[in-house]
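Undergrad: Pasting in a structure now, in structure tokens, and then I'll have a few things to ask.
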Amino acid sequence: MHCFTVVYVSCSNLFTKRQNSIGVAGMMIKEENGGTRIRSRPRKEAASGKHDLLVNDENKYRSMLIRTYSSIWMIGGFIFVVYMGHLYIWAMVVIIQIFMAKELFNLLKKANEDKQLPGFRHLNWHFFFTAMLFVYGRILSQRLVNTVITDKFLYKIVASLIKYHMVTCYFLYIAGFIWFILSLKKKMYKYQFGQYAWTHMILIVVFTQSSFTVANIFEGIFWFLLPASLIVVNDIAAYIFGFFFGKTPLIKLSPKKTWEGFVGASVTTVIWAFVLANFLGRFQWLTCPRKDLSTGWLQCNPGPLFTPENLSLPGWIPEWFPWKEMHVLPVQWHALGLGLFASVIAPFGGFFASGFKRAFKIKDFGDSIPGHGGMTDRMDCQMVMAVFAYIYHQSFILAQSVSVGLILEQIVINLSYEEQRALYISLGEIIMQDRHTIRLVI
């Protein structure tokens, strides 16, 4: 079969060369003076990037209907999950991670090689769930403790699990490492080591952004919902502006992206960020941080960021304008920064994904979402935005000083139940001594 293929390709090449030579000879026309003139056929011009624009796409309305239908279902499901609360949003993030990992694992998958390596794919998922245990164990350990702190028996179990969490994850990884070494097979080394490196790169990409996403969720759904919504709004606005007005290509990596879509989406996203922050900031369910893993309703002091303030409009506003002042939440000014990043910087995550797909000569990472591609296609900009939202919240929103709550969290995490009681007694003695000293001084 291999010899037949080589002969067939060779014959095809010879036939092609023969046709080319005949075509060139046919274009040679002898002139009366004995000279020869070559008449060149007009070449078909290469398709310019403008033919790829949405405004020139003949099937754009059918594609738009499919995308709209899928988007409605996704947005509806997303709103329902947000309504259910923090734990359900976390579960949604985990499901998205699994879909993304599956799509990326399959990107370099080779069927012939995998047939010779039975069980090799299970190794990828072993590393995946080990990384999941490590990342979420570190993020949610304190909240798990707060959930079971009233039950002495469960508290001891959870405290032991947290204490040995890191060593458990380490030995799980070492088990996978030994599994990989023992599975090495002659003539398959290059493929296996390539898969090993590819798996670790996927874990870094997927879990780096997801750890920031989950941290944002438990700091308050607001800090997850607002950045994620801004990416969705920017994506929809860019699609609509490009659909109706797109004429100027933006970047070669993504031929259907236009300057009209980019600018229109940027303005829309910044305005929407200011308005949406005012709406979301009025619900305690969204603004209160979750300190445990329960699903109960939340109530908290909204704090200065979510307390309305009166903003007097400048004097150059026309007299016919009905409002002379507005009720503004201070967090809305922070939302402008998030909106600017979501519209200008986050799209480069999509451009990176476009270049990545071009390198592997694929249109989409998957087909799990009709009209949108795979889950990874929807999460490219979200990954960039989630990291920025976390860093922005930690740098400009949270107080950096040491608080009583922070000290108590460290005590609960690092001390056993008996050690905490001993600390409580010691603190009581110190307080009593200080009180006695003050009385003597007086």
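The values are calculated or read from the model by the stated rules, or taken from the named source; none is laboratory data. The structure presented is a predicted model; accordingly, all values stated were derived computationally and were not measured. Cβ placement follows ideal geometry from the backbone for every residue including glycine, while neighbour counts extend to all protein chains displayed. Please note that ligands, DNA and RNA were not included when accessible areas were found on the heavy atoms of the full protein model with its side chains. Shrake-Rupley method; radii C 1.70, N 1.55, O 1.52, S 1.80 Å.
Undergrad: For the ranges 304-310, 244-250, 429-435, what's the packing order if you count other beta-carbon atoms within 10 Å of each residue, average per peptide, and put the highest first?
TA: 244-250, 304-310, 429-435
Undergrad: Rounded, prolate or oblate, given the Cα gyration tensor of the range 211-346, with a/c below 1.5 counting as rounded?
TA: Judged from the Cα gyration tensor, the range 211-346 comes out oblate (a/c at least 1.5, b/c at or above a/b).
Undergrad: Using R₀ = 25 Å, calculate the FRET efficiency as 1/(1 + (r/R₀)^6) where r is the Cβ-Cβ separation of residue 404 and residue 433; round to 0.05.
TA: 0.75
Undergrad: Is the C-alpha gyration tensor of the range 283-442 telling us rounded, prolate or oblate? Criteria: a/c under 1.5 is rounded; beyond that, a/b larger than b/c is prolate, otherwise oblate.
TA: Oblate, since a/c reaches 1.5 and b/c is not below a/b.
Undergrad: Taking each pair of different alpha-carbon atoms in the range 170-265 once, compute 1/r for the pair, average those values, and report the inverse of that mean as the Kirkwood hydrodynamic radius in Å to one decimal.
TA: 17.5
Undergrad: Separation between the residue 111 and residue 282 pseudo-spin-labels, each 7 Å from Cα along Cα→Cβ, expressed in nm?
TA: Spacing of the two 7 Å Cα→Cβ label points: 5.7 nm.
Undergrad: Thinking of the range 291-361 as a set of Cα atoms, what percent of all their pairs are more than 14 Å apart?
TA: Roughly 77 percent, once rounded to a whole number.
Undergrad: FRET efficiency for residue 323 and residue 299, Cβ-Cβ distance as r, R0 = 25 Å, nearest 0.05?
TA: The value I calculate is 0.20.
Undergrad: Show me, bin by bin at 10 Å from 0, the whole-percent P(r) of the range 100-181 based on Cα pairs.
TA: Spelled out bin by bin, the range 100-181 gives 16, 35, 26, 16, 7, 1 percent.
Undergrad: For the range 242-257, what does the Karplus curve 6.51 cos²θ - 1.76 cosθ + 1.60, with θ = phi - 60°, yield as ³J(HN,Hα) per residue in whole Hz, taken in order and with x for Gly and Pro?
TA: Rounded to whole hertz, the list is x, 5, 9, 10, x, 10, 10, x, 8, 8, 5, 4, 10, x, 7, 7.
Undergrad: Could you rank the peptides 417-425, 219-227 by their average count of other C-beta atoms within 10 Å per residue, with the highest value first?
TA: Order by mean packing, descending: 219-227, 417-425.
Undergrad: Now a separate question. For the range 241-321, what percent of Cα pairs sit more than 19 Å apart?
TA: Across the range 241-321, Cα pairs with separations above 19 Å total 65 percent.
Undergrad: Students often get this wrong: which residues of the range 92-125 have the backbone nitrogen under 13 Å from the point 7 angstrom along Cα-to-C-beta of residue 360?
TA: 100-110
Undergrad: Per residue, how big is the convex hull of the range 95-232 when only Cα atoms are used? Give it in Å³.
TA: In the range 95-232, the Cα convex hull volume per residue is 120 Å³.
Undergrad: Now, a different point. What is the gain in length, in nm to one decimal, between residue 161 and residue 345 on full extension, counting 0.36 nm per residue of separation less the C-alpha to C-alpha distance?
TA: Gain on extension, residue 161 to residue 345, equals 62.2 nm.
Undergrad: Please express the shape of the range 341-392 as an equivalent ellipsoid: the semi-axes are the square roots of 5 times the eigenvalues of the C-alpha gyration tensor, given largest first in whole angstrom.
TA: 22, 12, 8
Undergrad: Calculate what fraction, in whole %, of the accessible area of the range 176-244 sits on carbon and sulfur atoms when a 1.4 Å probe is rolled over the protein chains.
TA: 76
Undergrad: What net charge do the residues around residue 298 carry, taking every other residue with its C-beta under 10 Å from that of residue 298, with Lys and Arg at +1 and Asp and Glu at -1?
TA: It works out to a net charge of +2.
Undergrad: So between residue 149 and residue 417, what do we pick up on full extension, going 0.36 nm a residue minus the alpha carbon distance?
TA: Residue separation times 0.36 nm, minus the Cα-Cα distance, leaves 95.5 nm.
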